[in-house]
1. Can you tell me how much longer the chain between Ala200 and Asn97 gets when fully stretched, taken as 0.36 nm per residue apart minus their C-alpha distance, in nm with one decimal?
2. Take every DSSP beta bridge whose two residues both sit in the chain, then give the antiparallel share in percent to the nearest 5.
3. List the lysines whose alpha-carbon lies under 21 Å from that of Lys28, not counting same-chain residues fewer than 8 positions away?
4. Can you list the aspartates and glutamates whose alpha carbon is less than 13 Å from that of Lys190, not counting same-chain residues fewer than 8 positions off?
5. So if R0 is 41 Å, what FRET efficiency would Leu45 and Asp242 give, r being the distance between their Cβ atoms, rounded to the nearest 0.05?
6. Would you kindly state how much longer the chain becomes between Ala265 and Gln4 on full extension, computed as 0.36 nm times their sequence separation minus their alpha carbon distance, in nm to one decimal?
7. Less than 17 Å apart at the alpha-carbon level, and either on another chain or at least 8 residues along: which lysines does that give for Lys204?
8. According to the square roots a ≥ b ≥ c of the eigenvalues of the Cα gyration tensor, what is the shape class of the range 123-180, taking rounded for a/c under 1.5, prolate for a/b larger than b/c otherwise, and oblate for the remainder?
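We did not get these values from a lab; they are worked out from the coordinates using the rules stated. Keep in mind that what you see is a predicted model, and the values were worked out from it rather than measured. Here the Cβ positions follow ideal geometry from the backbone for every residue, glycine too, while neighbour counts run over all protein chains shown.
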Amino acid sequence: MVIQENVPLAPLTTLQVGGAARYFTELKREDDVREAAQFAKTRSLPLFVLGGGSNMVVADAGWPGLVLRIALSGIATPNANEASGNAVLFSVGAGVNWDDFVAQAVVQNCAGVECLSGIPGSVGGTPVQNVGAYGQEVADTIESVRALDLQEDRIVVLPKPACGFRYRASIFNSAERGRYIILRVNYRLKRGGAPSLKYADLQKHFAESPRAGKTAPSLAETRAAVREIRRSKGMLIVPGDDDCRSAGSFFKNPVLSETQFKDLAARAATRQLDIPSYPALEAQRKVSAAWLVEHSGFAKGYAAGAAGISNKHALALINRGSANASDIVGLKDEIQHGVQETWGILLEPEPVFVGF
Ligand SMILES: Cc1cc2nc3c(=O)[nH]c(=O)nc-3n(C[C@H](O)[C@H](O)[C@H](O)COP(=O)(O)OP(=O)(O)OC[C@H]3O[C@@H](n4cnc5c(N)ncnc54)[C@H](O)[C@@H]3O)c2cc1C
């Protein structure tokens, strides 16, 4: 285990803002993760676990303790030779790039994660906020999570029900935040399964494609379609595209109570506006945060100094090139304030704030 000092964190994140880590180490073995955790504990250093850095805003002052970057590799299919029907268990190292794993699952004709193609970050990051997109979320396929329990100082395997998955949430980012370092994630996929085509954007894509009306799309075609749709929204990391210098969606879609929804509808009526309704949102009584942002005076392409809103997606706050974390936080505050004043709803940020 090599401990480095004063390592800049901005280049290790997709938003590319923030200061340095006082101590930093990159770990490829489970034993090293334990050793690094011990290093922090004995020196009373605050510990932060970094994956792909795609869901965070690092403070300009950086991180005063140890940043532990997880680089555990390996994609294994331990039950490949067993008579387990069509179910295939993938045991994946937390440091594996998420989209590399999705690509491999699709090549092996295994369904369950194809709609999550193109999401940046690491495998270990996916259970944390129960990553989801285009009608799938990792909670649908995660069987268990192998982790170092810092409280008990032992390695544990948490079965899915113990992970407490909800919309953009799990025990890892709520009740047990900071307790576990995720080492491997086990996903149960379905060999030969049909792709999930629940989402309107995907259905529209295939309805408008030259292959419309022919055979049902394959997993590979679904993966390609999802990546294409994401690219058009700046939600795929494409070198040279300034709109993807972001942390993805910056705000969660708010889940409203009956009373809140009535209040929102009344406010919309006074402005002669209809609240957009999508089956996927309605099922969970969610309202589109992007719509709220755009109808509070913040259009795509809105600029606030070096920070701004993506030209392709109203929910993505971007670093326009030379932004600091304070510029991003300033814009976040401005949007939250504007939406609350206009709609009476406080938007909750999705990324993790590190060192604030
Ligand atoms: C362009 C773009 C598009 C995106 N699209 C989506 C989307 O469609 N859906 C979606 O849900 N998200 C999306 N995101 C957000 C992000 O990609 C995901 O949340 C991703 O899973 C984060 O993984 P990461 O490895 O980058 O985590 P990081 O950003 O490194 O960390 C995020 C949090 O997870 C914790 N963490 C990371 N790894 C571990 C580990 N091994 N053990 C314990 N804790 C850990 C960190 O401590 C931190 O609290 C998008 C982001 C970008 C930039």
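1. Gain on extension, Ala200 to Asn97, equals 34.4 nm.
2. Among the beta bridges of the chain, antiparallel pairing accounts for roughly 75 percent.
3. Lys28 reaches Lys41.
4. Glu114, Asp140, Glu143
5. After rounding to 0.05, the efficiency reads 0.70.
6. Stretched out fully, the Ala265 to Gln4 stretch lengthens by 88.6 nm.
7. Lys214, Lys233
8. The shape class here is prolate.
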